[in-house]
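Right, one structure below, let's go through it.
The values are calculated or read from the model by the stated rules, or taken from the named source; none is laboratory data. From a predicted model like this one, the values you see are computed outputs, not experimental measurements. Heads up, the Cβs are rebuilt from the backbone with ideal geometry, glycines too, and the neighbour counts pull from every protein chain shown.
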Amino acid sequence: MAQTEKKGGLLRKSSASKKPLKEKVVLMYDEIFTTEDPSKCNPRFWEELFLMKVNLEYLEGKLEALDGEELMKIKDNINCLFQHCIQALGEEHPIRVVNALQVPC
C-alpha cells in the first residue's frame, strides 16, 4: 500500500518499486554536506538556495548527525553557508532575506 511521505524532505508516494523524491532544497543541503564546493558546478547555487523555503527539520538533523571529524571536513561549506546567509540579509528580495534569517536558527 502506497503512502505519502513528507518527513525528511521526501515528496513522492512510497512504493516498493519507486525511490522517494526529495525536495530540491534538501538536495541542495546534501550538496553543502559534501567536501566539494556546491557553487563549483552551479555558480548560482547560493542565490537559488535562498529562494527556496527552508527545511529546518532536515538541516538540523543533518547538522546534529555529524561528529567532530565530519564537521571539520565540511567546515568550508558550512562557513560559506553562513557567509551567504549574512550577504542575503542585505538584499532587497524579501524571500531571500526571510529564508536567510531562518537558516542560522
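Only one residue in 49, 63, 71 is surrounded by fewer than 16 Cβ atoms within 10 Å (Cβ to Cβ), within 11 Å of the chain's Cα centre (by Cα) and on the phi < 0 side of the Ramachandran plot, so which one is that?
63
How many residues does region 1-38 contain that are within 17 Å of the chain's Cα centre (by Cα), modelled with pLDDT under 60 and either surrounded by fewer than 13 Cβ atoms within 10 Å (Cβ to Cβ) or under 17 Å from residue 80 (Cβ atoms) (or both)?
2
When residues of region 39-92 are filtered for being under 12 Å from residue 26 (Cα atoms) and polar (S, T, N, Q), how many remain?
So the answer is 1.
Among the residues of region 59-82, what is the count of those that are touching a helix residue (DSSP H, G or I) at 6+ places or on another chain (Cβ under 9 Å) and within 22 Å of residue 99 (Cα to Cα)?
Counting residues in region 59-82 that are touching a helix residue (DSSP H, G or I) at 6+ places or on another chain (Cβ under 9 Å) and within 22 Å of residue 99 (Cα to Cα) gives 9.
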